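Bear in mind these aren't lab numbers, they're just calculated from the coordinates by the rules spelled out. Since we're looking at a predicted model, the values are computed, not measured. As a convention, Cβ positions derive from the backbone with ideal geometry for all residues, glycine included, and neighbour counts pool all protein chains shown.
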Amino acid sequence: MVYYSIDTKARTPVYFFLASISIVLAYLLSFANTPLKTFLAPDVMLIYGILVWLFDVYLWKMKLVQSMIKMPNLDGTYKGKLTRQNDGKSELQERDITLTVSQTWLTMSLVFEGERSQSTAKMILMSVQDPKHIVLNWIYDCKDYTGLEDENLYGEGTTELKLRLSNGKRKLQGHYYSSKLRHGHLDLEQIS
């Protein structure tokens, strides 16, 4: 998982809100007469850390919260096709692909698997400024797992996918470019 960037300041109000709740909770806990009070003084930073963790992992996925913070949850598995020209030849090559997205409010993991290789995102940007045109960009490292000697065992590249809704299903569509001098089109649909 890597920390991903967004193109808005949507996270700033959330941090402010969680800090405010932490101050109020610490103040209220200072009046509570519990055995915990004798061992642990209510600490604003401890409460704030717990709230940020809860928000990052769980709370941001709630529909009401998502409607307020405007951060799409892309978590899931996407299957589809990769279409590319192979090594400058005129014929198009098509392959089955799978993209597995693991996402929290702050971090994301993108693992792309084809028939002979796997790539992992090392830097991610999500454009959420226009909720009708959400775009996911990432830079990746790619490794071949066939073990064949004549294969290019390592590469890196960039991908840009746009989120679309079609018949109630999420689709990610776009292009990729790699240091293996390959490029192509990706068309994925969420299956889980």
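Each label was represented as a point 7 Å from its Cα along the Cα-to-Cβ direction; for residue 146 and residue 102 these points are 2.8 nm apart.
A full extension of the chain between residue 63 and residue 160 corresponds to an added length of 32.3 nm, given 0.36 nm per residue minus the alpha carbon distance.
Stretching residue 169 away from residue 111 to a fully extended chain increases their span by 18.8 nm, per 0.36 nm per residue minus the current alpha-carbon distance. In terms of distances greater than 22 angstrom between alpha carbons, the cross-link table entries 63/132; 122/180; 61/143; 81/180; 79/143 yield 61/143. The candidate values were (1) 1.07; (2) 0.94; (3) 1.33; the one computed from these coordinates for Cα Rg over 2.2 N^0.38 Å carries the label (3). FRET efficiency for the residue 12 to residue 180 pair, using the beta carbon distance and R₀ = 45 Å, is estimated at 0.70.
With each label modelled as a point 7 angstrom along the Cα→C-beta vector, the residue 54-residue 79 pair spans 3.8 nm. Placing unit charges on each Cβ (+1 for Lys and Arg, -1 for Asp and Glu) gives the range 1-146 a dipole about its Cα centre, and among 66, 21, 85 the Cα reaching farthest toward its positive end belongs to 21.
Evaluating 6.51 cos²θ - 1.76 cosθ + 1.60 at θ = phi - 60° for every residue in the range 172-184, the Karplus couplings come out as 10, 9, x, 10, 9, 9, 10, 6, 7, 6, 10, 8, x Hz, glycine and proline recorded as x. Comparing the range 59-126 with the 2.2 N^0.38 Å rule of thumb, its C-alpha radius of gyration ratio is 1.46 (two decimals). Helix content alone sets the calculated 222 nm mean residue ellipticity of the chain: runs of n ≥ 4 DSSP H residues at -39500 (n - 2.57) each, divided across all residues, give -7500 deg cm²/dmol.
Give me the extension gain from residue 28 to residue 5: residue separation times 0.36 nm, minus the current Cα-Cα distance, reported in nm with one decimal.
Details: separation 23, 0.36 × 23 = 8.28 nm, distance 3.49 nm.
Additional length available on full extension: 4.8 nm.
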